[in-house]
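Participant: Pasting in a structure now, in C-alpha cells, and then I'll have a few things to ask.
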Amino acid sequence: MKKASYYFFASAVLLACLIGIPFSFIGGDTMGKWITRTCHLKIDSSMTGGELAADIFDDAEDDNGIGNLEYPENTFAKKGSLDLVRYKVHKPVYNARWQTFHEYWQLSLEYISSPDDLRNIMIYIDADGNRQGSTTPLFNDETNCTFTDEHPWDYAIWIFDKSGKIYGSDKKEIEKVQICNLENGKKITIRIPLEKKEMHKIYSSKKTYHYVLTGILSKCHEGGFQKVSEGPGIFDILDDSSSAQSQKIQLNSYRTNESGKSILIPIVADMKGTPQKIDDRIIKEIKSACSIENTIPEYDDEKLNLAVKEFTEGKMEDAESKLKNIIHENPENAIALAYYGSCLASRAGKSSAFKALKLVNESYKYLDKAVEISRGTMQELDVLLNRASVSSAVPDVIFGKASAAVKDYERCLEILNGIFNEENLLPEQRKFLAHMYACAYESCMSAENDTSAHIYLKKAEKIWNEKDIEIQ
Amino acid sequence: MINQKKERTANTLISIFILLLMAAVITFFVPIQQMNFTKGSLIYALFLIYLFAKMTFAEQKKKGSGVKYRRIFQSTFAILFCISFIKDLYAERGSMAITDSAMSNAELPFCHIVIPQILLPLAITKNIIFPARLTGHYAAVANMLVIWLTMSITIGRGWCGWVCFYGGWEEGMTHVAKKRRLNIISKNKEIREFQFGFFAFIILVSLGTLSAAYCEWFCPFKLVTEFSPITSIPTLISAIIFIGLFLALVIIFPILTKKRTQCSTLCPFGALASITDRFSMFRMKIDTSKCKRCMKCVNTCPFGALDEKTILDKKGTPELTCAKCGECVNICEEKAISYDFRFMHICEKPEAKNAFEKSIHKLLDPALIFRFASFSFGVIMSGSFATKSIDLILEEIFRNFGF
C-alpha cells in the first residue's frame, strides 16, 4: 500500500511541476482577478485618495456654456476637453503613509477628452455653510458670475495645466496643491494638503458646497476665463441637471439679474455620507420593453434568412448546421460567420467548463473574421452586434471581453448616429437606439468604466423618456 | 554490463524527454508569449536551453554538479531584470524615483518581498497597505499572490535559491572571490535567529503603522529598482540605510564571506518562505549513515542552513532556512545529501526490480523534478525582462557600431 501510494504521490508531484507551474502562470491573470473579486481585495483608501464622500456626474455634451457657446477657432481646444462629466469628493485623509502629504483632501475631475494647454479650471468651495466667505470670483476676469449669498466660498482652487493653487476667501494664496494628470489630462486628481491651520475647517465639515467652472484661460487676466461673445466665459459648470438649476438656467441668469451677472448655485457633497449608487432602473425597463431579440433581420439570401430566423427563435442546433453549410459554400459571408460564432458561444453556455472554453475561443475566430470582412460595409452593424452580445455574455473574469464589448457597442452607436437623425427619430429607431445605449451601459459597468456607463445611462434615459415611444 | 547499458540509455532518454519538455516551456514563455521571436527572445531561449541541457547532463555524470548552471542563471536574471525594470521606469515616469502620480494612483510595482508585510494587515483590516495595482499588470498584487501560492506549494524556499532576481546579485557576488576572507559559519544559528527576529519586527511594525515597513526603510534593492525621491530628512535617512545595506549585505559581505548575507539575515520573504516551506513538495535529506561529518556542506551552504551541530546531531535535514540551492549536494563527496519528496514520511520507496521500474524511478527522481520545477519558474519569471534587456543591449551595440 505504501509502495503504491509512493508512485501515486510521486506522479502527482511530477504532473504538478511539469504542467501545473506553466499553467498557473498562463491562467495567473484570471486567477488573480478571481482572487480579487472573491476576497474583495482593495488598496488601503489612504493611499488612493481616501473614502469617497460624493460622486457627482455631470451631463456630457453640455460644454456650450449658456447653450450656444462654441470652442474658439483660434485655440487648439480639443472637443470635449472642457466637458466635465464627473467630479469626486473624498473624505479627508489622516496619517497617510507613503504619500507626499500625510493629511490631505482629494478631489478628482474627469473630462470627455484631454486638453490643450489652455484649459482653465476654478473650483470654489464653501467648506462650512456658515454664510461667511466671498461671492465674487477669485480673479478679475470676464467670468461675469457671482456666487449665491447662501454659499459664499471659503476656498478657491485654481488649476491650470499641471499645477494648482488654493486660495482663501481673502483671495490670498494658502499654498500649492498637488495635481496628477491621468490619461493626458482627461482625469485630474487634486490633493490639497491639510497641514496648514487655514485648511483645518475641512476636518469638521459635515457638508461642503462646490462650484466647478471650466473654461479657457484668459490672455488678459491672470487666472481668469477668456471673454466670449455672449454671457459668462464658462463652457461647463458642475450642475444638477435634474433640478431647476441646470447649467443653462444658471449661466443665463445674467439676463434677468439686476447686477447683470449670472448667479451660480453649488453642488453639495455630504462629507459624512457615501455616494449614492447609480439608479439604473431605466435600463431594466428599456431592456424588458424592447423586444429587439424578436425582431428578425432580413437579408437577400433565403437560406441565411431561415438560419437567422431559427437562431432568433432559439433553435440553435438547426441554425448552427444551416449556417455551417452557408459558410462552407461561401467562407466570406460575414453575417453567416457572425451568427455561427454566436451559435457556438450559445452552445458553450450549456457545456462543461473545459468544452465551454474551447467553444468560446472557437466562436471568436468566426466573430473576429466576420468583423474584419464586414468593416465599412452595410453588414458591419449586425456583425458587431453579434460580437458585442457574445462579449457581454461570456464571464469577464475568464475571458476579459467586457472592454471589447464596450468598443463594439461604441462602434455600433457611431454607425447608428450616422444613420439616424437623433432630433427626429421614428419610434422603432428610438427604441433601438435606447436599447443600444442600455447595452453599452451594461458593458461599461462590466468593464468597470462607470463614467462612460453613466454617460450611456443618461443618453438611454433621455431617448427613452422622449414622447411617443411605443412600448410593446 | 547489458543492464548497465540499458540503464544508461534509459537515463539518457529520460533526460532528453525532460529537456524537450523544458524546451517547450522555454519556447512558449520566451519567444512566443513574451516577445514574438525578436532577436533577444531567440538568444535568451537558446541560452536557457543550453543551460538546462548542460545542467541535466552534468547531473547525470555527477550528482550535484549542475549547480554551476543554477548560479549562472540566477546571476544573469538579476542583471537583466535590473536593466529591463529600470528601462520600464524611465519609459513610464522618466526616472527611477517614485513619482507623486504613481504613488497617488497606486501604481507602484508589487514585488514578492512585500507579501509578508501585507498579510496580517490584510487579514485584520481587509485592506492592502501597499499602493500597487490589484490586477492587470505583471507587478500587480493578485498576480504576485498567485505566484507566491504556486511557489509555496511546489518549490517552497527553492524560490530563493533558484529564481529570486534580487538574490541573484548576491549569488554572483559570493563567487567573485576565490577564497573566503571572513568566516561567519560559527554564527549561523545567531544569523538565523536574527532573520526570524527581524521578520517578526517587520511584521509587527507593518501592522502597527499600516505600511510596508521593510519597503519604506530597509530594502536594499531600491538601489537597483525604484526609490522615493530625497525630499525630506526621513527620505534621506532611508536612502542612507538602503544604500548602506546594499553595499554591505549585497556586495561586500557576500564577497568576503561567500554567503548570501542579505537573504539569510534580512529578507522577510525568505523568512516567510522558510515557514511555508513545510507545505512544499520537496525537502533536502541528509543520509546520516553515509555522512562522514567532514563539514564541507557546512562551509559551503550560502544560506547558513547547515551548522556543525546539524551534522553532529545527525538531524537528517538542514535547518529551516535551507533554500534547496544544491550547493551541499554538489560538495558532499559521500553523496549523503539529496533532494527528496516531502511525503516520504508516509510512503516507502519501493525497490526497482527491473530496468523498466528503474526508468520509472529515474523519471520520478525528486532531484530531477525539483530542478525542472525551479528552472521552469525561473524561465517564466525571467522571460519578458531578459528578452527586453537583451533587445536593448543589442540595439545599443548596433547603434554604437553603426549597424
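The values are calculated or read from the model by the stated rules, or taken from the named source; none is laboratory data. These numbers come from a predicted model, not from an experiment. Cβ placement follows ideal geometry from the backbone for every residue including glycine, while neighbour counts extend to all protein chains displayed. Calculation scope for accessible area: heavy atoms of the full protein, side chains included, ligands and nucleic acids excluded. Shrake-Rupley method; radii C 1.70, N 1.55, O 1.52, S 1.80 Å.
Participant: Can you run down the residue pairs with Cβ atoms below 6 Å, 6 or more apart or on separate chains, where the first is in the range B:60-88 and without any contact (Cβ under 8 Å) to a residue 24 or more places away in the chain and the partner is part of a helix (DSSP H, G or I) and open to solvent by less than 50 Å² (accessible area, probe 1.4 Å)?
Facilitator: B:Y69/B:L51; B:Y69/B:M55
Participant: Looking at B:P350 and the list (1) surrounded by 16 or more Cβ atoms within 10 Å (Cβ to Cβ); (2) within 11 Å of another protein chain (Cβ to nearest Cβ); (3) touching a helix residue (DSSP H, G or I) at 6+ places or on another chain (Cβ under 7 Å), which single condition is not satisfied?
Facilitator: (1)
Participant: Here is a further query. From the list A:S163, A:S113, A:S169, which one is surrounded by 19 or more Cβ atoms within 10 Å (Cβ to Cβ) and not basic (K, R)? Walk me through how you get there before you give the answer.
Facilitator: On the way: A:S163 fails: surrounded by 19 or more Cβ atoms within 10 Å (Cβ to Cβ); A:S113 fails: surrounded by 19 or more Cβ atoms within 10 Å (Cβ to Cβ).
So the residue among A:S163, A:S113, A:S169 that is surrounded by 19 or more Cβ atoms within 10 Å (Cβ to Cβ) and not basic (K, R) is A:S169.
Participant: Within the range B:201-222, track down each residue that is away from chain A (no Cβ under 12 Å) and of a type in the set (D, E, K, R). Step through it out loud before you land on a result.
Facilitator: The initial filter retains those residues of the range B:201-222 that are away from chain A (no Cβ under 12 Å), namely B:201-204, B:207, B:214, B:218-222.
Residue satisfying the conditions is B:K222 alone.
Participant: Which of the numbered conditions does A:T136 fail, given that it passes all the others? Conditions: (1) hydroxyl-bearing (S, T, Y); (2) modelled with pLDDT of 90 or more; (3) crowded, with 20+ Cβ neighbours inside 10 Å.
Facilitator: A:T136 satisfies every listed condition except (3).
Participant: Going by the conditions given, is A:T214 modelled with pLDDT of 95 or more, under 30 Å from A:D450 (Cβ atoms) and crowded, with 21+ Cβ neighbours inside 10 Å?
Facilitator: No; evaluated as a whole, the condition is false for this residue.
Participant: Where residues in the range A:18-70 are surrounded by fewer than 16 Cβ atoms within 10 Å (Cβ to Cβ) and among the charged types (D, E, K, R), which of them is farthest from the other protein chains (Cβ to nearest Cβ)?
Facilitator: If we take residues in the range A:18-70 being surrounded by fewer than 16 Cβ atoms within 10 Å (Cβ to Cβ) and among the charged types (D, E, K, R), then A:E70 is farthest from the other protein chains (Cβ to nearest Cβ).
Participant: Which one is farthest from the other protein chains (Cβ to nearest Cβ) among residues in the range A:95-127 that are aromatic (F, W, Y) and within 30 Å of B:F130 (Cα to Cα)? If you could, list the steps in order and put the result at the bottom.
Facilitator: Taking the range A:95-127 and keeping what is aromatic (F, W, Y), we get A:98, A:101, A:104-105, A:111, A:124.
Next, only the ones that are within 30 Å of B:F130 (Cα to Cα) stay: A:98, A:101, A:104-105, A:111.
Values: A:W98: 6, A:F101: 10, A:Y104: 9, A:W105: 13, A:Y111: 17 Å.
Here the residue is A:Y111.
Participant: Going through B:G158, B:G168 one at a time, which residue ends up being under 20 Å from B:C301 (Cβ atoms) and either of a type in the set (S, T, N, Q) or within 13 Å of another protein chain (Cβ to nearest Cβ) (or both)? Outline the logic, then answer.
Facilitator: Values: B:G168 fails: either of a type in the set (S, T, N, Q) or within 13 Å of another protein chain (Cβ to nearest Cβ) (or both).
None of the other options fit; the residue is B:G158.
Participant: Name the single residue, out of those in the range B:329-347 being more than 24 Å from the chain's Cα centre (by Cα) and over 20 Å from B:C291 (Cβ atoms), that is surrounded by the most Cβ atoms within 10 Å (Cβ to Cβ).
Facilitator: Of all residues in the range B:329-347, those more than 24 Å from the chain's Cα centre (by Cα) come to B:333-334, B:344-347.
Imposing the further condition that a residue be over 20 Å from B:C291 (Cβ atoms) reduces the set to B:346-347.
Numbers: B:I346: 10, B:C347: 18.
Only one residue fits best here, namely B:C347.
Participant: For the range B:95-126, enumerate the residues that are in contact with a Ser or Thr (Cβ under 6 Å, 6 or more places away or on another chain) and more than 9 Å from chain A (Cβ to nearest Cβ).
Facilitator: Correct list: B:Q117 only.
Participant: Looking at (1) modelled with pLDDT of 95 or more; (2) touching a Ser or Thr at 6+ places or on another chain (Cβ under 6 Å), which is the one condition that is false for B:A323?
Facilitator: (2)
Participant: Take the residues of the range B:213-242 that are among the small types (G, A, S) and farther than 21 Å from B:L89 by Cα: which is most open to solvent (accessible area, probe 1.4 Å)?
Facilitator: Restricting attention to the range B:213-242, the residues satisfying the condition of being among the small types (G, A, S) are B:213, B:228, B:232, B:238-239.
Checking which are farther than 21 Å from B:L89 by Cα leaves us with B:213, B:232.
Values: B:A213: 5, B:S232: 49 Å².
That would be B:S232.
Participant: Answer yes or no as to whether A:V13 is over 21 Å from B:V114 (Cβ atoms), surrounded by 15 or more Cβ atoms within 10 Å (Cβ to Cβ), at the interface with another protein chain (Cβ under 10 Å from one of its Cβ atoms) and modelled with pLDDT of 85 or more.
Facilitator: On the way: over 21 Å from B:V114 (Cβ atoms): yes; surrounded by 15 or more Cβ atoms within 10 Å (Cβ to Cβ): yes; at the interface with another protein chain (Cβ under 10 Å from one of its Cβ atoms): yes; modelled with pLDDT of 85 or more: yes.
It is true that A:V13 is over 21 Å from B:V114 (Cβ atoms), surrounded by 15 or more Cβ atoms within 10 Å (Cβ to Cβ), at the interface with another protein chain (Cβ under 10 Å from one of its Cβ atoms) and modelled with pLDDT of 85 or more.
Participant: What pairs come out if I take residues in the range A:348-367 that are closer than 10 Å to A:V394 by Cβ and pair them with residues that are β-branched (V, I, T) and open to solvent by less than 40 Å² (accessible area, probe 1.4 Å) whose C-beta lies under 6 Å away, six or more apart or interchain?
Facilitator: A:A348/A:V360; A:V360/A:V394
Participant: Inside the range A:116-130, can you point out the residues that are surrounded by fewer than 20 Cβ atoms within 10 Å (Cβ to Cβ) and closer than 20 Å to A:K197 by Cα?
Facilitator: A:D128, A:G129, A:N130
Participant: Can you find a residue that is without any contact (Cβ under 8 Å) to a residue 24 or more places away in the chain, open to solvent by 10 Å² or more (accessible area, probe 1.4 Å), of a type in the set (S, T, Y) and closer than 26 Å to A:S45 by Cβ anywhere in the range A:99-108?
Facilitator: The answer is no; no qualifying residue exists.
Participant: While we're on this one: Only one of (1) touching a residue at least 12 places away in the same chain (Cβ under 8 Å); (2) open to solvent by 60 Å² or more (accessible area, probe 1.4 Å); (3) out of contact with any His (no Cβ under 9 Å at 6 or more places or on another chain) fails for A:V268. Which number is that?
Facilitator: Condition not satisfied by A:V268: (3).
Participant: Return the total of residues in the range B:386-403 being surrounded by fewer than 24 Cβ atoms within 10 Å (Cβ to Cβ) and either among the hydrophobic types (A, V, I, L, M, F, W, C) or under 17 Å from the mean Cα position of the chain (by Cα) (or both).
Facilitator: Residues in the range B:386-403 being surrounded by fewer than 24 Cβ atoms within 10 Å (Cβ to Cβ) and either among the hydrophobic types (A, V, I, L, M, F, W, C) or under 17 Å from the mean Cα position of the chain (by Cα) (or both): 8 in total.
Participant: Here's another thing I want to ask about it. Within the range A:399-457, track down each residue that is outside any helix (DSSP H, G or I), more than 30 Å from A:I26 (Cβ to Cβ) and open to solvent by less than 70 Å² (accessible area, probe 1.4 Å). Reasoning before the result, please.
Facilitator: To start, the set of residues in the range A:399-457 that are outside any helix (DSSP H, G or I) comprises A:400-401, A:420-426, A:447-449.
Add one more test, that the residue is more than 30 Å from A:I26 (Cβ to Cβ), and what stays is A:420-426.
Listed by number, the residues that qualify are A:F420, A:L425.
Participant: I would also like to ask the following. Can you work out which of the residues in the range B:22-80 that are farther than 19 Å from B:W169 by Cα, surrounded by fewer than 23 Cβ atoms within 10 Å (Cβ to Cβ) and among the hydroxyl-bearing types (S, T, Y) is nearest to the other protein chains (Cβ to nearest Cβ)?
Facilitator: Of everything passing the filter in the range B:22-80, B:T27 is nearest to the other protein chains (Cβ to nearest Cβ).
Participant: Among the residues of the range B:320-340, are any basic (K, R), in contact (Cβ under 8 Å) with a residue 12 or more places away in the chain and not in a loop (DSSP other than H, G, I, E, B)?
Facilitator: Keep residues of the range B:320-340 that are basic (K, R), which gives B:324, B:335.
Keeping just the survivors that are in contact (Cβ under 8 Å) with a residue 12 or more places away in the chain gives B:324, B:335.
Checking the rest, the ones that are also not in a loop (DSSP other than H, G, I, E, B) come to none.
No, there is no match, as no residue in the range B:320-340 is basic (K, R), in contact (Cβ under 8 Å) with a residue 12 or more places away in the chain and not in a loop (DSSP other than H, G, I, E, B).
Participant: Can you tell me which residue within the range B:111-129, out of those that are hydrophobic (A, V, I, L, M, F, W, C) and open to solvent by less than 10 Å² (accessible area, probe 1.4 Å), is nearest to the chain's Cα centre (by Cα)?
Facilitator: Filtering the range B:111-129 down to residues hydrophobic (A, V, I, L, M, F, W, C) leaves B:111, B:113-115, B:118-120, B:122-124, B:128-129.
Now restrict to residues that are open to solvent by less than 10 Å² (accessible area, probe 1.4 Å): B:113-115, B:118, B:128-129.
On the way: B:I113: 12, B:V114: 16, B:I115: 15, B:I118: 21, B:I128: 25, B:I129: 25 Å.
Of everything passing the filter in the range B:111-129, B:I113 is nearest to the chain's Cα centre (by Cα).
Participant: Taking the options B:L245, B:L320, B:L272, name whichever one is within 22 Å of B:S206 (Cβ to Cβ) and open to solvent by 40 Å² or more (accessible area, probe 1.4 Å).
Facilitator: On the way: B:L245 fails: open to solvent by 40 Å² or more (accessible area, probe 1.4 Å); B:L272 fails: open to solvent by 40 Å² or more (accessible area, probe 1.4 Å).
Residue meeting the stated conditions: B:L320.
Participant: Just one of A:V89, A:V93 is open to solvent by less than 20 Å² (accessible area, probe 1.4 Å), of a type in the set (A, V, I, L, M, F, W, C) and in contact with a helix residue (DSSP H, G or I) (Cβ under 9 Å, 6 or more places away or on another chain); which is it?
Facilitator: A:V93
Participant: Sort out which residues of the range A:372-389 are among the β-branched types (V, I, T) and either surrounded by 21 or more Cβ atoms within 10 Å (Cβ to Cβ) or not in a helix (DSSP H, G or I) (or both), and write them in order of number. Step through it out loud before you land on a result.
Facilitator: Residues of the range A:372-389 that are among the β-branched types (V, I, T), as a first pass: A:373, A:377, A:383.
Result: A:T377, A:V383.
Participant: Is it the case that the range A:182-198 has a residue that's part of a loop (DSSP other than H, G, I, E, B) and open to solvent by less than 40 Å² (accessible area, probe 1.4 Å)?
Facilitator: Kept after step one, since they are part of a loop (DSSP other than H, G, I, E, B), are these residues of the range A:182-198: A:186, A:194-196.
In the following step, the residues that additionally are open to solvent by less than 40 Å² (accessible area, probe 1.4 Å) were identified as A:194.
Scanning the range A:182-198 turns up at least one residue that is part of a loop (DSSP other than H, G, I, E, B) and open to solvent by less than 40 Å² (accessible area, probe 1.4 Å).
Participant: OK, next. As an exercise: evaluate B:A355 against (1) in contact with a strand residue (DSSP E or B) (Cβ under 9 Å, 6 or more places away or on another chain); (2) more than 9 Å from every other protein chain (Cβ to nearest Cβ) and give the number of the one condition it does not meet.
Facilitator: (1)
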